[in-house]
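Quick note: the coordinates plus some simple rules give every number you see, no bench work behind them. Predicted model, so just to flag it, every value in this text is computed and none were measured. Neighbour counts run over all protein chains shown; Cβ positions are idealised from the backbone, glycine included.
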Amino acid sequence: MASELDFSRRGFLTTAMAAGAGLALQSARAETAPAAAPATTPPSNRIRYALIGCGEEGNVLLDALLRIEGIEIVAICDIWKYARDRVQKGLKKNNNIEVNAYEDFEELLAKEKDLQAAIVASPDFWHAPHSNTCLKHGLHVYCEKMMSNTMDGARSMVKAMKETGKLLQIGHQRRSNPRYRFVLNYLLHDLKLFGRLTAANAQWNRAVTPDRGAAKAISMKPDLLAKYGYEDMYKFRNWRWFKKYGGGPLSDLGAHQIDIFNWFFDVMPVSVTASGGVDYYKEHEWFDNAMCIYEYKLTSPDNQPYTARAFYQVQTTTSAGGGYFEYFMGDQGSIKLSENPSITQLFREANAPDWAEFIQKNYVMLKKSPAAAEADVKVDVRESKVLETYALPVTFNKAIHQPHLENFFDAIRGKAKLNCPADEAFRSESVIHKASEAIAARKTLEITPADYEA
Amino acid sequence: MSEQNETAATPKNWDATLAFWLLRGWLGLRAVMTGLEKYAAMGKVMKPWVDPKTGQVDAGGAMVEATQKVYGLGNYAAIPQSMQDKFAAEPLLPAFMLKIFYAVLGPALIILGLMLWLGIGTRVSLFLQGLLYIGLTAGLIMIKADDGVAWLAIHVVLIAYALTLAKYNQFAVLKKW
């Protein structure tokens, strides 16, 4: 395995340099390189799982799964032979892992008797059938978000989780990201570093991406596509853009970030105003751009009720605006948080108490003082002062989905509680569906508990 | 004069010997450590974040990047980049000479310092160290780093004094040179 080679090379270099120079030589890279997952857990104690869905997201999850110790992939499933074979052969070639491959997930469940978990990374409209059937077969399930392209589908998943008593973790992976948890638990809850949160802003902007195709030689036959609910190969490859199969960009990209609004504010919004449209990709059903404003009823640090608004936009025609982030703004400071650490920044309001104590305690790192910032560019400081810029000291050296998957497997072992069980995810997903409704209705929609209680 | 003749001609003077050992120790240390530091850099290492309130490691797995001094051949820098830039702007310091000087400086300091400590070619070691410091002094004069010039002058004085006491040296691997 590549990771094993890296591990060996690191050990060799460290030993060789130390021996040669008589010094404790070590490179910074060696310290920060992700650790390989040695297979030290006896086979009898490993959690055996299957991967359902071998597409792009399935491969991303698999990359993280292979780094986790104590679990074992035994079967994969995908209706597309090309994707299925690629994963099966890749596991054999790169990882020396033999897995059984299936086209039909029910056949997989019938034949693989000693599975304990399933990882569902199929298109959204298959999430509920896949997850619910696996749960009813006694498996614990990790299912990618969105839970479903319909509210009924998502609701059925919560019901199946409760009825079977099995675990159903939804792939809002930021909920297990140590950096996000650090910000929530310490900076927002403990320190109330940003004072009263007055607004939030999040976005995910992506450049124009051409539709996916498939060569005729590897395309599926129409009857096979029809068997699994697809009209044709084009819609199979581009399912995210069609309402029968997916939830559109608000669901694909916004789901992660709107979930963060709800998680950090710790309440559900009371209304949503939204606009969007199919303005660029004429052959798609789902809108290619959307802007939404959610209203939240919050309580200030001095226990006063107030309203804060959270704006979200997704653009699939431009990567402008700094990529993807969630920005929480308060009267004492703000944080622009992203899965990408290089985008993450914190700002202290000019009139806020000094953060020197928090630097000293390693909660934040000073990145740029106002003096240095002002030297960079001359602005009209009558409008707003240049703020001190800080960085988040916290990071982690794992694949981006790995902590959330680890939480899932730790929960199976009884060592942790799920960070995003289906009933919790459903609350966020309901208000994302509500934004799509608001776009269609072209008006502000009220959000009530009836909308988000499963 | 042969080694035996020199030893025979130099009367035992333990005061001078002790004085030389002090200089030998200090100048050797100065050279070796200065040379080693040229292979040092501040690298980033990952450590668990510790909650200052509880003193406990964060349960969520938060890690912090801490800067830590690390040594490695790849970190080698003869002198700071800012100083290299100043030297590069000096017309009396040709680029090829600077390149050679930078390549030699670190290893030379370590080797010469070790030679002095072990007593291998003590006089040669001291003299070459003196030449290195003179070379550095020339550059510092040009960029008007007068405090550095004075600082190196002290080193050269110590080396010159050590050379005058070298005949009282004892316990050397190779007394010749």
Using amide H atoms built in the peptide plane, which far-off residues or other-chain residues are under 5 Å from A:I73 H to H? A:Y49
Given the rule -39500 (n - 2.57) for each run of at least 4 DSSP H residues, summed and divided by the residues of chain A, what is its mean residue ellipticity at 222 nm, to the nearest 500 deg cm²/dmol? -10000 deg cm²/dmol
Other chains' Cβ within 10 Å of B:63-74 residues: what's the mean? 6
For a quick size check, give me the Cα extents of chain A along its three principal axes, largest first, whole Å. 72, 68, 43
Can you give the local net charge around A:R48? Use residues other than it whose beta-carbon is closer than 9 angstrom to its beta-carbon, Lys and Arg +1, Asp and Glu -1. -2
What area, in nm² and to one decimal, does the C-alpha convex hull of the range B:1-112 cast on average over all directions? 14.8 nm²
For the range A:97-155, compute the orientation-averaged projected area of the C-alpha convex hull (one quarter of its surface), in nm². 4.3 nm²
B:V57-A:D232 pseudo-label distance in nm [points 7 Å out on the Cα-to-Cβ vector]: 5.6 nm
Nearest-0.05 FRET efficiency for B:W14 and A:D63, computed from C-beta distance (R0 60 Å): 0.25
Can you give the Rg and Dmax of the range A:86-206 based on its C-alpha atoms, in angstrom? 18.8, 56
Förster radius 22 Å - calculated FRET efficiency between A:A215 and A:V278, Cβ distance, rounded to 0.05: 0.20
For each pair in A:K92/A:K159; A:K166/A:K216; A:K398/B:K86; A:K367/A:K434; A:K368/B:K47, compute the distance between the two Cα atoms and list the pairs where it is over 32 Å. A:K92/A:K159; A:K166/A:K216; A:K398/B:K86; A:K367/A:K434
List every DSSP H helix in chain B whose Cα atoms extend 27 Å or more along the helix's own long axis and whose mean Kyte-Doolittle hydropathy is at least -0.5. B:14-37, B:95-118, B:122-142, B:146-165
Considering only DSSP beta bridges whose two residues both sit in the protein assembly as shown, what percent are antiparallel, to the nearest 5? 65 percent
Expressed as a whole number, the average count of other chain Cβ atoms within 10 Å around the Cβ atoms of B:77-88 is 0
Given a cut-off of under 8 Å on Cα pairs at least six residues apart, what relative contact order in percent is computed for chain A? 16 percent
Consider just the alpha-carbon atoms of the range A:182-328 and return their Rg together with their Dmax, both in angstrom. 19.4, 66
For chain B, what is the calculated [θ] at 222 nm in deg cm²/dmol (nearest 500), taking -39500 (n - 2.57) for each run of four or more DSSP H residues and dividing by its residue count? -20000 deg cm²/dmol
Relative packing of A:268-281, A:146-159, A:69-82, B:149-162, which averages over residues the other C-beta atoms within 10 Å, highest first: A:146-159, A:69-82, A:268-281, B:149-162
Hey, what's the per residue convex hull volume over the C-alpha atoms of the range A:223-268, in cubic angstrom? 78 Å³
Under 5 Å between amide hydrogens, which residues at least 5 positions from B:G43 or on another chain qualify, with H placed 1.01 Å from N in the peptide plane? B:Q68, B:K69, B:V70
Report the label-to-label distance for A:A440 and A:S369 in nanometres (one decimal), using points 7 Å from each Cα along the Cα→Cβ vector. 5.7 nm
Which FRET efficiency, nearest 0.05, do B:L174 and A:D354 yield, Cβ-Cβ r, R0 60 Å? 0.45
Could you size up the charge dipole of chain A around its Cα centre, putting +1 on the beta carbon of Lys and Arg and -1 on that of Asp and Glu, and report it in debye to the nearest 20? 620 debye
Evaluated at 10 °C and 1.306 mPa s, the Stokes-Einstein D of the range A:41-80 based on the Kirkwood radius over Cα pairs, in µm²/s, stands at 148 µm²/s
Straight-distance crosslink candidates among aspartates and glutamates, where the alpha carbon sits under 12 Å from A:K89 and sequence neighbours closer than 8 are dropped: A:E98
